[in-house]
Amino acid sequence: MFNSLFKIVYFIEFVLISIVRSTQTTKYRKLGTAIDRKSLLDILLLALAGIGMLVPLVYVFSSLLDFANYQLPRWVGWLGAILFAVAIWLLWRSHVDLGGIGHPH
């Protein structure tokens, strides 16, 4: 399962980004929407994004994708971990900033 340091780092970062996303979406769902304009294409694209998030988890928790494994230099893994951390911060920061529109600080 966690036979690589980068699988552990990825899983931790995945949990962090899920926490940021779920806390922010829970807050905004309470506000409600006046009109729901989700089209079939919106739903399809959201489903594909969800599947895209599941594939790395299958890689971390099973050996189904081991056939596609190949070696990269360790610095590539660390660069990916750093970029993922920046993406988590950017997602959190954008939710904080967009949530503050029209609200006095």
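The values are calculated or read from the model by the stated rules, or taken from the named source; none is laboratory data. All values derive from a computational prediction rather than experimental measurement. Glycine gets a Cβ as well: all are built from the backbone with ideal geometry, and neighbour counts include every protein chain shown. Keep in mind that these areas ignore ligands, DNA and RNA; they rest on the heavy atoms of the full protein, side chains included. Shrake-Rupley method; radii C 1.70, N 1.55, O 1.52, S 1.80 Å.
Out of the residues in segment 54-78 that are surrounded by 12 or more Cβ atoms within 10 Å (Cβ to Cβ) and of a type in the set (A, V, I, L, M, F, W, C), which is farthest from Q24 (Cα to Cα)?
Of segment 54-78, the ones surrounded by 12 or more Cβ atoms within 10 Å (Cβ to Cβ) are 56-57, 59-61, 65, 77-78.
Narrowing the set further to residues that are of a type in the set (A, V, I, L, M, F, W, C) leaves 57, 60-61, 65, 78.
On the way: L57: 22, V60: 26, F61: 27, L65: 32, W78: 28 Å.
Among them, the one singled out is L65.
Residue-by-condition table, conditions (1) of a type in the set (A, V, I, L, M, F, W, C); (2) free of Cβ contacts under 8 Å to residues at least 12 places away in the same chain; (3) in a helix (DSSP H, G or I):
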site: I51; (1), (2), (3): yes, yes, yes
site: V58; (1), (2), (3): yes, yes, yes
site: G80; (1), (2), (3): no, no, yes
site: A87; (1), (2), (3): yes, no, yes
site: L90; (1), (2), (3): yes, yes, yes
Inter-residue pairs, beta-carbon under 7 Å, first within 25 Å of I88 (Cα to Cα) and in segment 19-37, second open to solvent by 100 Å² or more (accessible area, probe 1.4 Å) and at pLDDT 75 or above, 6+ apart: V20/W92
